[in-house]
1. Looking at residue 38, is it touching a residue at least 24 places away in the same chain (Cβ under 8 Å), touching an Asp or Glu at 6+ places or on another chain (Cβ under 9 Å) and more than 17 Å from residue 3 (Cα to Cα)?
2. If we keep just the residues of the range 1-19 that are touching a residue at least 12 places away in the same chain (Cβ under 8 Å) and closer than 26 Å to residue 37 by Cβ, which is most open to solvent (accessible area, probe 1.4 Å)?
3. Residues of the range 44-53 being of a type outside the set (Phe, Trp, Tyr) and surrounded by 13 or more Cβ atoms within 10 Å (Cβ to Cβ), which ones?
4. Taking the range 20-38, which residues are farther than 24 Å from residue 64 by Cα, touching a helix residue (DSSP H, G or I) at 6+ places or on another chain (Cβ under 9 Å) and surrounded by 15 or more Cβ atoms within 10 Å (Cβ to Cβ)?
5. Residue pairs, Cβ under 9 Å, 6 or more apart or interchain, first in the range 61-77 and closer than 13 Å to residue 48 by Cβ and of a type in the set (A, V, I, L, M, F, W, C), second modelled with pLDDT under 80 and open to solvent by less than 70 Å² (accessible area, probe 1.4 Å). List them.
6. Select from the range 45-99 the residues that are under 30 Å from residue 27 (Cα atoms) and basic (Lys, Arg) and write down the one among them that is modelled with the lowest pLDDT.
7. Can we say residue 41 is open to solvent by less than 100 Å² (accessible area, probe 1.4 Å) and among the charged types (D, E, K, R)?
Amino acid sequence: DILDPERLVQCPYDKHHQIRARRFPYHLVKCRKSYPQVAKELSTCPFNARHLVPQADLRNHISNCNDKRFIEEEIACETSDFQRRQMNSVSTWQAPPCDEDWDT
């Protein structure tokens, strides 16, 4: 299960490292410092910082990333909610009282 915090995830810096999903972000920071040469060759996915892919594969990863779909759905939902609120809102603005008397 992808949401299971106890599942094992493979480290992109060292293929022999198997880390629990709940500890994975901390491990990435630690391993990035330990493997600077490998870190130079990897790029971070703009949709999920846990996705580290070879620079040559980044474009392909971005077009196929599952997290991209979630973000696009979230943006579409927020946009439609905003438009709905704009259409349903009733203006409560009232003109301030006027002290001018044009007859005098």
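1. Here the answer is yes, as residue 38 does meet what is asked.
2. 8
3. 44, 45, 46, 48, 50, 51, 52, 53
4. 31, 32
5. none
6. 69
7. no
The values are calculated or read from the model by the stated rules, or taken from the named source; none is laboratory data. As the structure is a computational prediction, the values presented were derived from the model and not from experiment. Every residue, glycine among them, receives a Cβ derived from its backbone with ideal geometry; neighbour counts consider all protein chains shown. Heads up: the accessible areas ignore ligands, DNA and RNA and are worked out on the full protein's heavy atoms, side chains in. Shrake-Rupley method; radii C 1.70, N 1.55, O 1.52, S 1.80 Å.
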